[in-house]
Amino acid sequence: AQSVTQPDARVTVSEGASLQLRCKYSYFGTPYLFWYVQYPRQGLQLLLKYYPGDPVVQGVNGFEAEFSKSNSSFHLRKASVHWSDWAVYFCAVKDSAGNKLTFGIGTRVLVRP
Amino acid sequence: EAAVTQSPRNKVTVTGGNVTLSCRQTNSHNYMYWYRQDTGHGLRLIHYSYGAGNLQIGDVPDGYKATRTTQEDFFLLLELASPSQTSLYFCASRDRGEQYFGPGTRLTVL
């Protein structure tokens, strides 16, 4: 069965600094991968998705992610963090039938002024 | 844009109580999902459905029933609620690859 590991439960970053959130996946075959964001007191919203192709995927609000098959990773990046990026970020992988997502535990991002 | 609504937004019940959480999506998506979110666990799938009358078992189904009455409506039922079911519950619907989430229902079982 597939799985997702987000090793950092919490990341604190200064506004304007760069951000990288780590995601490692376990999947037999070529995965379909997602990053979702959960702002305070809201549901999850899609940031970006990877379908087999270009390993660097652009998302909303300046986020991008890079897929690496050799490292089984799908790390999320942002060049310059804004206070509004204060949220919880979830990495997810789709199952082989395409019907279910398996989520990581999430990484909470705190932004210092 | 896809719209998924949930009700109630907050619910408090007692151990052994009977609770129904409601979800409605207005975009005629075939698939709908119920998740629970807990610190240290992320989102875990309880049940899902690919159409009216259909139900599929998720990863953490124990203590939960669900029913999909129409294309739009998906209900989660806790017939004998326990404190371990205190959680934040999310409903989602799916269009092709992307899932669209509702705002969540916070359930507290005393």
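The values are calculated or read from the model by the stated rules, or taken from the named source; none is laboratory data. Everything quoted here is computed from the prediction, not taken from an experiment. FYI the Cβ positions are ideal-geometry reconstructions off the backbone, even for glycines, and counts take in every protein chain you see. Just so you know, the surface numbers come from the protein's heavy atoms only, side chains and all, with ligands and any DNA or RNA stripped out. Shrake-Rupley method; radii C 1.70, N 1.55, O 1.52, S 1.80 Å.
What the table shows:
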read-out: Filtered residues of the range B:66-103 (kept if farther than 14 Å from B:M32 by Cα and within 10 Å of the chain's Cα centre (by Cα)); value: B:L77, B:L88
read-out: Filter result for the condition that a residue is in contact (Cβ under 8 Å) with a residue 24 or more places away in the chain, out of contact with any Cys (no Cβ under 7 Å at 6 or more places or on another chain), among the charged types (D, E, K, R) and open to solvent by 40 Å² or more (accessible area, probe 1.4 Å), over B:D95, B:D62; value: B:D95
read-out: Condition check for B:T26: of a type in the set (V, I, T) and open to solvent by 70 Å² or more (accessible area, probe 1.4 Å); value: yes
read-out: Subset of the range A:74-93 (residues that are surrounded by fewer than 17 Cβ atoms within 10 Å (Cβ to Cβ) and over 13 Å from the mean Cα position of the chain (by Cα)); value: A:A79, A:S80, A:H82, A:W83, A:S84, A:W86
read-out: Test result for B:Y89, facing chain A (nearest Cβ under 8 Å) and either farther than 21 Å from A:G106 by Cα or in contact with a Ser or Thr (Cβ under 8 Å, 6 or more places away or on another chain) (or both); value: no
read-out: Residue selected from the range A:51-70 under the condition under 29 Å from B:T5 (Cβ atoms) and not aliphatic (A, V, I, L, M), by the criterion surrounded by the fewest Cβ atoms within 10 Å (Cβ to Cβ); value: A:N61
read-out: All positions within the range A:12-26 that are surrounded by fewer than 16 Cβ atoms within 10 Å (Cβ to Cβ) and over 14 Å from A:S73 (Cα atoms); value: A:T12, A:S14, A:E15, A:G16, A:A17, A:S18
read-out: Entirely in the range A:18-113, the strands (runs of 3 or more DSSP E) that have 1 or more residues that are free of Cβ contacts under 8 Å to residues at least 60 places away in the same chain, over 24 Å from B:S93 (Cα atoms) and away from every other protein chain (no Cβ under 13 Å); value: A:19-21, A:24-26, A:56-58, A:63-68, A:73-78
read-out: Residue match in the range B:42-59 (condition: at pLDDT below 95, under 16 Å from A:Q45 (Cα atoms) and in contact with a strand residue (DSSP E or B) (Cβ under 9 Å, 6 or more places away or on another chain)); value: yes
